[in-house]
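Below: one structure, written as structure tokens.
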Amino acid sequence: MRTIKFRGKRIDNGEWVYGSLDSTDERPAISWLRTNEDGEQVPWFAYVKADTVGQFSGLTDQNGKEIYEGDIITLKGDYPRVVLWDKMSWALMPTEYYHDEYFWVMNLQHPGLDWWEEYADEFEIIGNIYENPDMLKGGNHGERL
């Protein structure tokens with residue numbers, strides 16, 4: 001069974017946080033368990049920027065790093081792709097077409113589960129659409145058209 005969790009950039013300090021997605025006062029928040037000064041696990045949360053929220057794919061790259069929606073990955077060091085969730089499955093978009101409205105549908109790739117499993121040890125995260133917009137055509141903030 002796949003772990004369901006999310007990440008988002010905190011509004012207050014810009015750091016990434018990982019955990020459950022919550023919505024409080026119509027603002028997205030990520031919640032997690034944190035160890036307090038007594039060594040106890042207590043619930044904690046932080047408001048996050050809505051456009052940075054991404055779900056964990058359930059996959060890790062060749063370095064053991066978790067792959068999230070919005071990450072930019074390569075396969076064997078080539079073919080940079082943005083990881084996206086498209087309706088019912090994980091999909092990939094070539095970085096050169098990420099902002100191209102005309103080519104969006106034609107270039108969205110839906111590799112099957114066997115493909116993800118076969119090449120799992122050859123993926124590498126090289127950035128994400130939020131912190132590395134220069135990796136995308138147009139260098140925009142990673143907003144989908």
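The values are calculated or read from the model by the stated rules, or taken from the named source; none is laboratory data. Quick caveat: nothing in here was measured; it's all calculated off a predicted structure. When we count neighbours, we look across all protein chains shown, and the Cβ atoms used for this are built from the backbone with ideal geometry, even at glycine. Heads up: the accessible areas ignore ligands, DNA and RNA and are worked out on the full protein's heavy atoms, side chains in. Shrake-Rupley method; radii C 1.70, N 1.55, O 1.52, S 1.80 Å.
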query: In Å, what is the Rg of the alpha-carbon atoms in the chain, and how long is Dmax?
result: 16.2, 56
message: What distance in nm lies between label points placed 7 Å from Cα along the C-beta direction at LEU33 and SER89?
response: 3.5
- prompt: So which aspartates and glutamates pass the test for LYS76, namely a Cα distance under 15 Å, with those fewer than 8 places away in the same chain ruled out?
  reply: ASP61, GLU117, GLU118, ASP121, GLU122, GLU124
message: Positive end of the dipole of segment 15-136, charges at C-beta (+1 Lys, Arg; -1 Asp, Glu), about the Cα centre: which of GLY39, SER57, SER89 has its Cα farthest in that direction?
response: SER89
- prompt: Amide H to amide H under 5 Å from GLY127: which residues, 5+ apart in sequence or cross-chain, H placed 1.01 Å off N in plane?
  reply: ILE72
message: Just to be sure I understand: with springs between alpha-carbon atoms less than 10 Å apart, which residue in ASP51, ASP22, ASP78 has the highest mean-square fluctuation in the Gaussian network model of the chain?
response: ASP78
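Tally up the carbon and sulfur contribution to the accessible surface of the chain as a whole percent, 1.4 Å probe, everything protein left in place.
Summing carbon and sulfur atoms, their accessible area is 49 percent of the total for the chain.
Counting Lys and Arg as +1 and Asp and Glu as -1, each charge on the Cβ, what is the dipole of the chain about the Cα centre in debye, to the nearest 20? Show your work: numbers first, answer last.
Numbers: 14 positive and 27 negative charges, 47 e Å.
That gives the chain a dipole magnitude of about 220 debye.
Rounded to the nearest 0.05, what FRET efficiency is calculated for LEU75 and ASP134 with R0 set to 25 Å and r the Cβ-Cβ distance? Don't jump to the answer; show the numbers that get you there.
Working: r = 20 Å, r/R0 = 0.82.
Given R0 = 25 Å and the Cβ-Cβ separation, E is 0.75.
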field: Residues of the chain: accessible area per residue with a 1.4 Å probe, Å²
entry: 60
Cα convex hull of segment 18-65, projected area averaged across orientations, nm²: 4.8
